[in-house]
There are 2 protein chains.
Amino acid sequence: MIKVIGLGPGSSSHQTPEAKDALLWADVIVGYKTYIDLITPDLLQDKEILSTGMKREIDRCEAAINEALKGRKTVIVSSGDPGIYGMAGLVLELVHNRGLDNRLDVEIVPGIPALCAAAALLGAPLMHDFAVISLSDLLTPWELIKKRLLAALRADFVIVIYNPRSKKRVSQFHEVMELVIDKRGKDTPVGVVKNASRPGETVSATVAERVDETDIDMLTILVIGSSSTKITGNRMVTPRGYMEKYRS
Amino acid sequence: MIKVIGLGPGSSSHQTPEAKDALLWADVIVGYKTYIDLITPDLLQDKEILSTGMKREIDRCEAAINEALKGRKTVIVSSGDPGIYGMAGLVLELVHNRGLDNRLDVEIVPGIPALCAAAALLGAPLMHDFAVISLSDLLTPWELIKKRLLAALRADFVIVIYNPRSKKRVSQFHEVMELVIDKRGKDTPVGVVKNASRPGETVSATVAERVDETDIDMLTILVIGSSSTKITGNRMVTPRGYMEKYRS
C-alpha cells in the first residue's frame, strides 16, 4: 500500500494526526529532500528514506511503487496538500498505467495547502470565489496559463498564483503583473507570502504597482484581490457580503 | 485576543496541533453548533461555549469580539479552513469597522479545507489550475456566479463547487449542470463528495449526464473536470503533464 501524504506548508504544528500516523506506519518514506526535512527526526527513526532531487518526480514515484509491490508500507511526502500541484496525481497515473489499480491500494492524505497558510497570514483574502493558477510553463503552455489568468481577471475572481517566478523564468511574471494592472488597476490589492510557516517567512499586503518583482521566487504565493478585496492596515480581506446585506 | 480556527472537514485526525493548542488555550469557544460538535469533548472541558444557529454569523462574531475585549482568550471555530467561505473575513471586518485594529489581535489558524478532503477521496482532480465557486446566492447575485462559472468553463479550469443546492434553491444547480454539459460535454468527469470524513461519507466519480441532482445538498462538494481530467476505475485524476512531457 502507498499513502501519499501532505505535510502542510512547513511547521509541524500544521501536520495532521493522520499524516503523522502514516509516517509512523511507514517502512519506506519517499520524497524530495526539502520535504523530508520538514519531518521531525523522531518520526523518521528506523525508516528507509528514498530521496532524490527536484525534477525527478517520475523516478521517485516509480521507486515508491516498486517498494510497495514488495509488500513494504510506503509513504510519499509532498509539502502542502499532495492534491494541489503535488504528487497524488502522478502516483495514481503511474499505478494505472502499470495496470496495478486492483493490486495496489493508494490512499491520499490531505494536508494544509500553501494557499490556506498564505491566506491566513494575509488575513482573509479567499472569502469569495477564487482561481488557482501555476505560472510554471514547464508542463503547461504559456498561452493556456495566460488565457486562464485573463478569464479569471475578467470574471473578478480572487487569484492565487503558485510558482510565480524562477531564476530563469522572469518575463512571465512581469507580463502577469502588467495584465493585472491593465485589467484591474494599479491599486489592486496583492498579497505576497514567502516561506509561509517556515524559517524566513515574510508577509506583505500591498498593491499591484508596488509589487517588487525581484523579491518574488518559486516558493512565493501571491494573492491578487478581486474588485471587492480591501487592504486595511496590514490585512487583506475579501468581504463575503454579510455586512453589505445585513448592515446596510 | 481572538483566534479564528479551522477544524478541518470533520474527523479529528484532520485537526492540526495548532488548532488543538488554540482550543486548549481558549477561555471561550464561539461557533455554530454543528462545528462545536466536531470537537472532542475533552478539549471543551471548563470552557464557556457560545453557540448559535446558522445565519447568525454577525451575532456570533460580535459576541466573540465582546468576550475578547473583556480580556478573555477567545476562539471562533469554522469547519474546513476558516479562510475559505469561513468566518475569518467577517471577524476582521467587524474588528476593523469598530476601530479595534490596534486593540485586538486576531490570528487566523488554517485548517484542511473541504475541497482538499474531497479531492483526496476522489483521487487527484486538482493537479492543475482550478477555480472555486460557491453557488449560494444569499450574498452574491446569481448573474455574477454564472459569469464566473462560464469564464472558468471556457478557460478549461477544473471547477470546485461549494454549496451547490439547498432544499429551497434547486434550479441554479440544474442550470449549472446544463452549462457544464453544454460547454464541456455530457462525458465531463464530475466528482461528488458528501460528508467528507464525517459519518455518512459518500464519494462518487461519475460523468456530468449521470449526476443525480436530487442527491446533492448544501454540504456536497462537486469537482468538475477540465478537458484533461480522466476517470480511471473509481478515481478522478487531472494529469499535471509529467507523463506527456517525459514519457511521450
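Could you check B:V77 against (1) closer than 24 Å to A:S11 by Cα; (2) within 13 Å of another protein chain (Cβ to nearest Cβ) and say which number it fails?
All conditions are met except number (2).
Report whether or not A:I84 is of a type in the set (V, I, T), without any contact (Cβ under 8 Å) to a residue 40 or more places away in the chain and either in contact with a helix residue (DSSP H, G or I) (Cβ under 8 Å, 6 or more places away or on another chain) or within 28 Å of A:L219 (Cβ to Cβ) (or both).
On the way: of a type in the set (V, I, T): yes; without any contact (Cβ under 8 Å) to a residue 40 or more places away in the chain: no; either in contact with a helix residue (DSSP H, G or I) (Cβ under 8 Å, 6 or more places away or on another chain) or within 28 Å of A:L219 (Cβ to Cβ) (or both): yes.
The answer is no for A:I84.
Within the stretch A:154-189, how many residues are touching a residue at least 60 places away in the same chain (Cβ under 8 Å) and closer than 26 Å to B:S228 by Cβ?
Number of matching residues: 8.
Filter the stretch A:193-248 down to residues that are in a helix (DSSP H, G or I) and over 28 Å from B:T140 (Cα atoms), then give me how many there are. I'd like the intermediate steps shown before the answer.
Applying the first criterion (in a helix (DSSP H, G or I)) to the stretch A:193-248 yields A:208-210, A:213-215, A:242-246.
The next check asks that each one be over 28 Å from B:T140 (Cα atoms); those that pass are A:209-210, A:213-215.
Residues that pass the stated criteria total 5.
I'm told A:L24 meets every condition in (1) within 24 Å of A:L100 (Cβ to Cβ); (2) open to solvent by 20 Å² or more (accessible area, probe 1.4 Å) except one. Can you identify the failing condition by its number?
Single failed check for A:L24: (1).
I'd like to verify a number: residues in the stretch A:173-197 that are open to solvent by 60 Å² or more (accessible area, probe 1.4 Å) and within 21 Å of B:E107 (Cα to Cα), how many? Steps first, please.
Here is the first cut: in the stretch A:173-197, the ones open to solvent by 60 Å² or more (accessible area, probe 1.4 Å) are A:174, A:178, A:181-183, A:186-187.
After this cut, where a residue has to be within 21 Å of B:E107 (Cα to Cα) as well, the list is none.
Final tally of qualifying residues: 0.
Of the residues A:E18, A:E67, only one is within 14 Å of chain B (Cβ to nearest Cβ) and assigned to a helix (DSSP H, G or I); which?
A:E18
Okay, residues lined up against (1) under 25 Å from B:G8 (Cβ atoms); (2) surrounded by fewer than 22 Cβ atoms within 10 Å (Cβ to Cβ); (3) modelled with pLDDT of 90 or more; (4) among the hydrophobic types (A, V, I, L, M, F, W, C):
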| residue | (1), (2), (3), (4) |
| --- | --- |
| B:P199 | yes, yes, yes, no |
| B:A205 | yes, no, yes, yes |
| B:R210 | no, yes, yes, no |
| B:D215 | yes, yes, yes, no |
| B:V223 | yes, no, yes, yes |
| B:S228 | no, yes, yes, no |
| B:N234 | yes, yes, no, no |
| B:T238 | yes, no, yes, no |
| B:M243 | no, yes, no, yes |
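In this structure, does A:V170 turn out to be more than 9 Å from chain B (Cβ to nearest Cβ), aliphatic (A, V, I, L, M) and surrounded by fewer than 20 Cβ atoms within 10 Å (Cβ to Cβ)?
Details: more than 9 Å from chain B (Cβ to nearest Cβ): yes; aliphatic (A, V, I, L, M): yes; surrounded by fewer than 20 Cβ atoms within 10 Å (Cβ to Cβ): yes.
Answer is yes for this residue.
Please count how many residues of the stretch B:133-165 are of a type in the set (A, V, I, L, M) and over 21 Å from A:K245 (Cβ atoms). Outline the logic, then answer.
Of the residues in the stretch B:133-165, the ones of a type in the set (A, V, I, L, M) are B:133, B:135, B:138-139, B:144-145, B:149-153, B:155, B:158-161.
Right, trim to over 21 Å from A:K245 (Cβ atoms) and you get B:149-153, B:155, B:158-161.
Summing the residues that are of a type in the set (A, V, I, L, M) and over 21 Å from A:K245 (Cβ atoms) in the stretch B:133-165 gives 10.
Can you give me the number of residues within the stretch A:186-203 that are of a type outside the set (D, E, K, R) and closer than 20 Å to A:V237 by Cβ? Steps first, please.
Let us first name the residues in the stretch A:186-203 that are of a type outside the set (D, E, K, R), namely A:188-193, A:195-197, A:199-200, A:202-203.
Then keep just the ones that are closer than 20 Å to A:V237 by Cβ; that gives A:188-193, A:196, A:202-203.
So the answer is 9.
Collect the residues in the stretch B:72-101 that are over 15 Å from A:K230 (Cβ atoms) and of a type in the set (D, E), keeping them in residue-number order.
Listed by number, the list holds a single entry, B:D81.
Which residues, taken from the stretch A:33-57, are buried (at least 16 other Cβ atoms within 10 Å of the Cβ) and touching a residue at least 40 places away in the same chain (Cβ under 8 Å)?
A:Y35, A:I36, A:L38 - these are the residues of the stretch A:33-57 that are buried (at least 16 other Cβ atoms within 10 Å of the Cβ) and touching a residue at least 40 places away in the same chain (Cβ under 8 Å).
Would you mention how many residues in the stretch B:58-78 are open to solvent by less than 30 Å² (accessible area, probe 1.4 Å) and polar (S, T, N, Q)?
The qualifying residues number 2.
The values are calculated or read from the model by the stated rules, or taken from the named source; none is laboratory data. It should be emphasised that the depicted structure is a prediction, and the values quoted were computed from it without experimental measurement. Backbone-built Cβ (ideal geometry, glycine too); neighbour counts: all protein chains shown. The area values use the complete protein model at the heavy-atom level, side chains included, leaving out ligands, DNA and RNA. Shrake-Rupley method; radii C 1.70, N 1.55, O 1.52, S 1.80 Å.
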